[in-house]
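A quick write-up on the structure given underneath.
Each value in this text was obtained by applying a stated rule to the coordinates, not by laboratory testing. Being a predicted model, the structure only gives us computed values, none of them experimental. So basically every Cβ, Gly included, is an ideal-geometry build from the backbone, and we count neighbours across all protein chains shown.
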Amino acid sequence: MSGFALPSASLLAQSVLSGVFVGALYGLMGLGLSLSWGLLRLINLAHFAFAFLAAYLCYQLARWGVDPLLSLLGIVPAFFALGAGLHWVMARFKVTPFNSLLLTFGLMGIVESIIQSIWTADFRQLESTYAQHKFKVAGLFVPVPEFITLLLAVGISLAVWAVLRFTDLGRALRGAAEDAAIASAFGVNQSRNALLLAGTCTALASIAGVCMALSFTLAPSQMYAWIGVVFAAVMLGGLGRALGPLVAGTLIGVSEAITMAVTAPSWAPIVSFTLLIMILVLRPGRVT
Amino acid sequence: MKRTPLVIVAAGVLLAFVPMLGLPAFVDSLLYLMLHWIVLATSWNILSGYTGYFSFGHGAFFGAGLYTTSTLLARYEWPFLWTLPAAALVAALLGVALGAVVFRVKSVRGELFALLTLAITFVIGTIVVNTPIDGGQGVSLSAVPVPAIGPTPSSTFYLLALACATATLLIAWAIFVSKFGAGLFAIHDDEDAAEVMGVPTYRYKLVALAISCALAGVAGGIHALFLSYVTAGEVFTITVPLTVVLMSVLGGSRHWAGPAVGAVAITALLYSFTAADHAVAGKAMIGAILIAAILFMPDGILLRLRRLLAKPVPSPGPAHAPSTLVAPVAAAPAPAAAAPADVLLRVRGLQKSFRGVRALAGVDVDVRRGEILGLLGPNGSGKSTFINVVSGHFAPSAGAIEFEGRDLTHHAAHRIAAAGIARTYQIPRPFAHLSVLDNVALATLFGGAVRDVAQARQQALRWLEFTGLQAKAGARPDDLNLHQRKFLELARALASRPRLVLLDEVLCGLTPGEIDDAVALIRRIRDQGSTIVFVEHVMRAVMALTDRIVVFHHGELLAEGSASDVMQRPAVMTAYLGHAHAQPAPA
């Protein structure tokens, strides 16, 4: 219980900024999760495992001298295929939303074991040229890896939003989420679209993973630490909405950062979960 | 089935002699862990398996018990055994506090409940770490003496866990076969329909959660001393909830013994991996087993085995002569035709708005005892809303509902059911996992206030005969056709022996022949003493059956009177057919 003394203005501003950066990563992690839950009715816990797997792959490639951003060229298609394959299996067995939660939880355990047996349970830190750079804007330090994450998160969220809103594919997906049978009666090829979407969600997880590798140290068991806060962002943002996770993630990131600055870092988890509980109890309609 | 508790107790007593064998301590510890997981998985199942409210917060309740015991031991030096009831109490209180909030929110079901309880785990964990309860360093109990119940400390833990597991299994079994359990399983299949049948869903969920938490709390209390060093980081994780979910799903969450089977299997598996230094492979293995179980055995080992072993069940109750289609149980006393103007249900100024849409704009309806009242009106006129409000599914925005002189406005649906009002759904909503017989027996148990399950089944069988479904008693509702499902709705509504039955478009979708059967059945329902409100579009049936009709239009009462008279009125014809544009000039 350290004192509740208010930190100085510049320190507060710096922590708000770092909250924005970590919030962008929450948003990026949550985007694929939100699309999968909202539009496919599948809750993919393995999303976190895939993000970590991508982060470790990026780490490994970087050790072999591949630039982390360049490694996205290989990682994204590979994870697209992985996600589409997983969805094919789930569709084949007609897994219910609740069972998808359990099934992907099992998958998460498997991926965690694979990561642990290859890269051990120790912390790993990606070493890239990005990590050493930061620049200063209006008296605040902006680290380059976090800045890249923010740009990617905003860019991708806007792109997904535009696709969902303005293209036939987006309309078909939203229609099928409302009523799959009716949508297919109107000529929507839902099984193809669903594979496409599931692949995209996992590809988004891999991008989030690469961003995570840029600015965080990695340990396999850490994937569980992300679940609560990212789910909070997803629910707060509204299921199946492209910009929701980013906005909500930023909100959570900033409130966490302020909580940490004002009290102690160990109180941070309570922010997102309290938010989550409040949404669920007060505005349950938001997430159904 | 009365043998089951004896078998559980006998197994418990027999296993209590295991420490006498002088086995090495690690065997005691392994057996302890097995029993520990049996308690946790079985207690989780009492809420989550039976009602389908999957909780990911079992770690929080387990942790609450664990920290209660360790705080009382380390700080207040309570004797260990006295801390266990306290651990149960704290965990149960935590559960009740949580449940009292979230069970009130109707839409927090399924996935939302799962995620909410997951969040609770981390909130509690954060609070524990940041307060002197843990202080971030953990609590050491190495100075606390282990009570000498068994010959060695490890055997003491084994015996404690054995007692706890025996008690837990007895409780799980007792709930499974009781009226309480029947209510919980009904909540699992269709909570709204269960409430309308008279199941006090909110109270039942809360009690189930409290029992579940208390047992987890005791397991936590014992485990605190077993670990002897407690850290929040190890306790408030998702390991506990996920392991118990896995065990229950694997063993079968719709049976009291399922989680125990799963617990033994998983603990043994985990042990064989950790013993051989393959902890990582073990985790992957559990993941793989979980996936395989979900894909290939969604009902669990136990039910799969039972299905393989079970012989085809003969439909129960062939002894009854099916010709006795008279009123089965002397129906609720109805002073038939004694006072023709005797008003059974009096509705005054009833209003219901949905966010500005006025579905009912203040209607007055009297239903007289013994009559069949037709409730008519174009689509969207408020007929179904009327049924939903009177049966308690929706709370009225304004107005009063009085039944047999008692005010029922704003009563919960299960209390309205208990008062003697039953309803059917336009689209039948049977409990999908219960047999046809048990679907009806449930209504007998709750609406008819029968306590004994066997007796309820017997009465239910007679209602199946009344509706001509006796041959389908053992079938699942999915195996019935629409006509039979509609009749099952009727049998369920009747089984609570209501004075008033609200029939919501029972004839819709039936063939003309089936409609004739249904009309005859509805007549018999009235003849055995129930008053009927009959929402219907099939005019032939309305003309044939009703004593009186009321017509709704835009949520208001448009007309009232005998069917043949009311349907001739210009206002009613306009409501149904629209305005006549080319009307001949009045003479």
Ignoring trypsin sites (Lys or Arg not before Pro) buried by more than 16 other Cβ within 10 Å or outside DSSP loops, the longest site-free run in chain B is B:107-354
Out of A:G228, A:G32, A:G237, a Gaussian network model of chain A with alpha-carbon springs under 10 Å gives the largest mean-square fluctuation to A:G228
Phi-derived 3J(HN,Hα) across the range B:135-145 with the Karplus relation (6.51, -1.76, 1.60, θ = phi - 60°), rounded Hz, x for Gly and Pro, is x, x, 9, x, 10, 9, 10, 5, 7, 7, x
Per the protein assembly as shown, sqrt(5λ) over the Cα gyration tensor eigenvalues, sorted largest first, in Å, gives 53, 37, 25
Classified through the alpha carbon gyration tensor (a ≥ b ≥ c as square roots of its eigenvalues; rounded if a/c is under 1.5, else prolate when a/b is larger than b/c, else oblate), the range A:191-288 comes out oblate
Restricting to lysines and to Cα separations under 28 Å from B:K2, and discarding same-chain partners fewer than 8 apart, the set is B:K179, B:K205, B:K311, B:K472
Normalised per residue, the volume inside the convex hull of the alpha-carbon atoms of the range A:15-118 in Å³ amounts to 127 Å³
Mean per-residue count of partner chain Cβ within 10 Å for A:269-276 equals 5
Log entry: pair-distance distribution for the range A:75-156, C-alpha pairs binned every 10 Å from zero, whole % per bin is 13, 25, 31, 21, 9, 1
Cα convex hull volume per residue for chain B, in Å³, equals 192 Å³
For chain A, one quarter of the surface area of the C-alpha convex hull, expressed in nm², comes to 16.1 nm²
Taking every other residue with Cβ under 15 Å from the Cβ of B:A398 and scoring Lys and Arg +1, Asp and Glu -1, one gets -1
If N is the residue count of the range B:343-577, its Cα Rg over 2.2 N^0.38 Å rounds to 0.99
CD proxy, 222 nm, chain B: helix-only mean residue ellipticity via -39,500 (n - 2.57) per DSSP H run with n ≥ 4, per residue, nearest 500, stands at -17500 deg cm²/dmol
About its Cα centre, chain B carries a charge dipole, from +1 on Lys and Arg Cβ atoms and -1 on Asp and Glu Cβ atoms, whose size in debye to the nearest 20 is 520 debye
Taking only the alpha carbons of the range A:184-247, the radius of gyration and the largest Cα-Cα distance, Dmax, both in angstrom, are 15.1, 49
For the protein assembly as shown, whose charge dipole is built from +1 on Lys and Arg Cβ atoms and -1 on Asp and Glu Cβ atoms, the candidate among B:G181, B:G561, B:A165 with its Cα farthest towards the positive end is B:G561
Measuring from its Cα centre, chain A shows a charge dipole (+1 at each Lys and Arg Cβ, -1 at each Asp and Glu Cβ) which, in debye to the nearest 20, is 480 debye
By the Cα gyration tensor axes a ≥ b ≥ c (a/c under 1.5 gives rounded; else a/b larger than b/c gives prolate, otherwise oblate), the shape of the range A:111-218 is oblate
Over all viewing directions the Cα convex hull of the range B:124-250 casts an average projected area in nm² of 10.1 nm²
Placing one equal point scatterer on each C-alpha of the range B:46-165 and summing with Debye, one gets log10 I(q)/I(0) at q = 0.13 Å⁻¹ equal to -0.63
Here, chymotrypsin sites (Phe, Trp or Tyr not before Pro) of the range B:76-136 satisfying both criteria (DSSP loop; at most 12 other Cβ within 10 Å) are B:Y76
Against the 2.2 N^0.38 Å rule of thumb, the C-alpha Rg of the range B:215-265 sits at a ratio of 1.28
Residues other than B:D299 with Cβ under 15 Å of its Cβ, Lys/Arg counted +1 and Asp/Glu -1, net out at +4
Dividing the surface of the Cα convex hull of the range B:23-304 by four yields a projected area in nm² of 14.7 nm²
Env charge @ B:V566, Cβ radius under 13 Å, K,R +1 / D,E -1, value -1
At R0 = 35 Å the Cβ-Cβ FRET efficiency linking B:L23 and B:A143, nearest 0.05, sits at 0.80
Magnitude of the Cβ-charge dipole (Lys and Arg +1, Asp and Glu -1) of the range B:23-304 about the Cα centre, nearest 20 debye, reported as 260 debye
Of the convex hull drawn through the C-alpha atoms of the range A:32-74, the volume per residue in Å³ is 65 Å³
